[in-house]
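The values are calculated or read from the model by the stated rules, or taken from the named source; none is laboratory data. These numbers were taken from a predicted model, which means no experiment stands behind them. Cβ placement follows ideal geometry from the backbone for every residue including glycine, while neighbour counts extend to all protein chains displayed. Heads up: the accessible areas ignore ligands, DNA and RNA and are worked out on the full protein's heavy atoms, side chains in. Shrake-Rupley method; radii C 1.70, N 1.55, O 1.52, S 1.80 Å.
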Amino acid sequence: MKSFILFLFLPVNSLFFGQIISKEDSVNAQRENEMQIRLNEILTYQKEQCTKDSLIAVRDAKTVNKYFISNIAPNGSDFPANKQLEAYLEKLGVVWGGTWMGNCTGRYSANSCYYHYMNEFTEQKFGKETIQNIIRKSILDYIEKHPSILFEYNDHLDWLYENNEVAANQLINQLFYKKHKSPKGYQRSQNKDSFTTVYLFYDDESHRLKLDHFTHQTSDMNAHKFIPYFERKITEFINSPIFVLSENARRHKGMKTSFIIYYQ
């Protein structure tokens with residue numbers, strides 16, 4: 001008898017749970033459908049806004065050339081060389097439009113298609129390579145007056161750290177040898193095969209990069225005997241204002257925590 005009751009209960013129980021599952025599937029399907037409708041509405045709005053902004057860019061480009069710099073959303077670095085870039089663009093006959101930041105949530109950022117197409121039209125007229133060279137030159141001019149930014153994280157300076165950081169180290173060596181001359185008696189090598197690698201750490205209280213330790217590579221005994229001289233001069237160099245970073249460095253803990261000084 002108990003087996004018979006259990007046998008009767010099982011189909012009822014299965015039917016009950018089947019109804020629950022069916023209801024959940026229906027709710028999920030409805031929710032997915034509503035999300036798809038909302039997504040289509042967003043995409044339609046974005047397309048409409050982009051088309052509108054693009055047409056305004058086409059109209060404006062007939063009478064004026066503009067250029068804008070995009071900062072990466074949501075926490076990208078600010079473009080540092082606004083004044084320098086504005087001056088170079090003005091000489092070219094291009095209006096500096098300033099910086100803008102996109103939206104990382106997938107929503108349309110106001111005027112983003114306008115910025116994109118105005119940049120594209122300007123690059124078509126003057127050459128993309130010409131514009132990129134102007135941007136880089138403006139950054140180099142900024143670095144000359146504010147060299148500490150070389151050691152801070154800024155994604156607009158990423159190109160300086162490509163190719164084994166050659167460009168960044170060249171700039172640092174220029175800064176070093178402006179203040180410190182090669183020692184008397186040192187026989188200069190053209191191969192740059194004698195150098196000191198300087199390792200730094202970021203001091204949160206003083207906002208300074210401070211010396212951690214050195215490593216040395218020398219090609220001959222003549223270079224080797226000048227290691228103490230270069231250590232002393234590099235230490236003086238590190239104690240200069242160049243190595244005092246901005247408040248922004250606290251957030252990123254600095255970017256470049258080592259560099260190379262080639263013996264010259």
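Worth a mention:
- Top positive-direction residue, dipole computed over segment 120-209 with Cβ charges, set Ser182, Ala167, Tyr142: Ser182
- Shape category assigned to segment 43-98 from the gyration tensor of Cα positions, a/c cut at 1.5: oblate
- On full extension, the segment bounded by Ser182 and Asp212 gains 8.5 nm, given 0.36 nm per residue less the C-alpha separation.
- Structure note, pairs Lys137/Lys184; Lys125/Lys192; Lys145/Lys181; Lys62/Lys83; Lys66/Lys179: Cα-Cα distances above 30 angstrom occur for Lys137/Lys184; Lys125/Lys192; Lys66/Lys179.
- Once the 1.4 Å probe is applied to the protein heavy atoms, segment 75-212 comes out at 58 Å² accessible per residue.
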